[in-house]
Amino acid sequence: MCGRLIGGGKTQAEMAAVINGYVYPSTPIIDDASAPEAETGFNIAPTQQVSLLYPQDAGHLVSSTARWWFVPQWHKGDVKAWKATTFNAKIETAWEKPTFRGAWNKGRCLVLASGYFEWTGQKGKKQPHRIYVEQNQPIMMFAGLQSLSEDGTRTCTILTREAMPDIASLHHRMPVILNGEEAEGWLGHKDDDATVLRSYGTRWGGRFRHHRVAKFGAKDDGAGLIESIDGGLI
């Protein structure tokens, strides 16, 4: 799963600029000036604002933010009244679930972050681990779905799939992290659903990196949260 993101101190605009330079050098990215400010810290939790990109007409992308806890467009009332746990969605079933089906077809996005945390161990003795992929760009692109509520609140979820062997010992699920080709395919619906379900997010074999970090609280923040307590990477 994916329950904590690492912003790495980068703003929405800075993350979008990185993706623009590495993945979409010839695609205009328009800033959504009306979007609430994204969290930029090292301990971003569900219901907080995260940075994302989504496609719009005229062949450009929009850099915006969303509340990280998906609420379908058909929901009536305040997004905080939505009780289902929807900050993650299984890629294997999201395409057909009533909650996510509309966004699968018309609300695909990229959630941007520099990494995420996962926990191992028994309740009360949980050990956090920092996880990221080794690549040329410092920002990871998570396959996401976004929705705009009737009051104008944008919400999103991060898709997950069965974990690759590199990190399966930490958790049996992992977020769907896209490379540049997959990101274009995801936003542009360039591959059929069977291809998306089978292969998206699985091309990082041998490139996952993780290490244990010191235990921290829900409201703790700062670069110290991602420092290894073992002196190295795995």
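The values are calculated or read from the model by the stated rules, or taken from the named source; none is laboratory data. The shown structure was predicted, so the numbers you read here are calculated from the model rather than taken from an experiment. Because the Cβ atoms are built from the backbone with ideal geometry, glycine has one as well, and the counts that use them run over all protein chains shown. Side chains are part of the model used for accessible areas, which takes the heavy atoms of the whole protein and leaves out ligands, DNA and RNA. Shrake-Rupley method; radii C 1.70, N 1.55, O 1.52, S 1.80 Å.
Using 0.36 nm times the number of residues separating Ser169 and Ile229, minus their current alpha carbon distance, what extension gain do you get?
Extending this stretch completely gives an extra 19.8 nm.
Is there a quick way to get the dipole size of segment 167-234? I mean about its Cα centre, with the Cβ of Lys and Arg at +1 and of Asp and Glu at -1; what is the value in debye to the nearest 20?
300
Which residues does a label at Arg209 reach in segment 154-179, if reach means a backbone N under 16 Å from a point 7 Å past the Cα toward the Cβ?
Under 16 Å, as judged by backbone N against the label point of Arg209, lie 167 of segment 154-179.
Specify the inter-centroid distance of segment 109-162 and segment 175-194, based on alpha-carbon positions, in whole Å.
Taking the Cα centre of each part, segment 109-162 and segment 175-194 sit 16 Å apart.
Within the accessible area of the chain, what % is carbon and sulfur when the probe is 1.4 Å and the other protein chains stay in place?
Answer for the chain is 50 percent, counting heavy atoms of protein chains only.
Counting other Cβ atoms within 10 Å, which trypsin sites (Lys or Arg not before Pro) in segment 138-234 have at most 10 and lie in a DSSP loop?
Lys219
Going Cα to Cα from Lys83, which lysines come in below 21 Å? Please leave out same-chain ones fewer than 8 positions away.
Excluding near neighbours in sequence, the set is Lys97.
Roughly how many debye, to the nearest 20, is the charge dipole of the chain about its Cα centre, given +1 on each Lys and Arg Cβ, -1 on each Asp and Glu Cβ, and no other charges?
Dipole size: approximately 880 debye.
Just in segment 87-138: which trypsin sites (Lys or Arg not before Pro) are loop by DSSP and have at most 13 other Cβ atoms within 10 Å?
Answer in residue order: Lys123, Lys125, Lys126.
In deg cm²/dmol and to the nearest 500, what is the mean residue ellipticity at 222 nm of the chain if only DSSP H runs of at least 4 residues count, each as -39500 (n - 2.57), divided by the residue total?
-4500 deg cm²/dmol
Take every Cα pair under 8 Å in the chain that's 6+ residues apart, average their separations, divide by the length, and report that relative contact order as a whole percent.
Relative CO of the chain lands at 21 percent.
Given a Förster radius of 30 Å and the C-beta distance between Glu37 and Ala81 as r, what FRET efficiency does 1/(1 + (r/R0)^6) yield to the nearest 0.05?
Taking R0 as 30 Å, the efficiency between Glu37 and Ala81 is 0.80.
Students often get this wrong, so try it: which of [x] 124; [y] 135; [z] 157 is volume of the Cα convex hull per residue in Å³ as calculated from the structure shown?
Correct label is [x].
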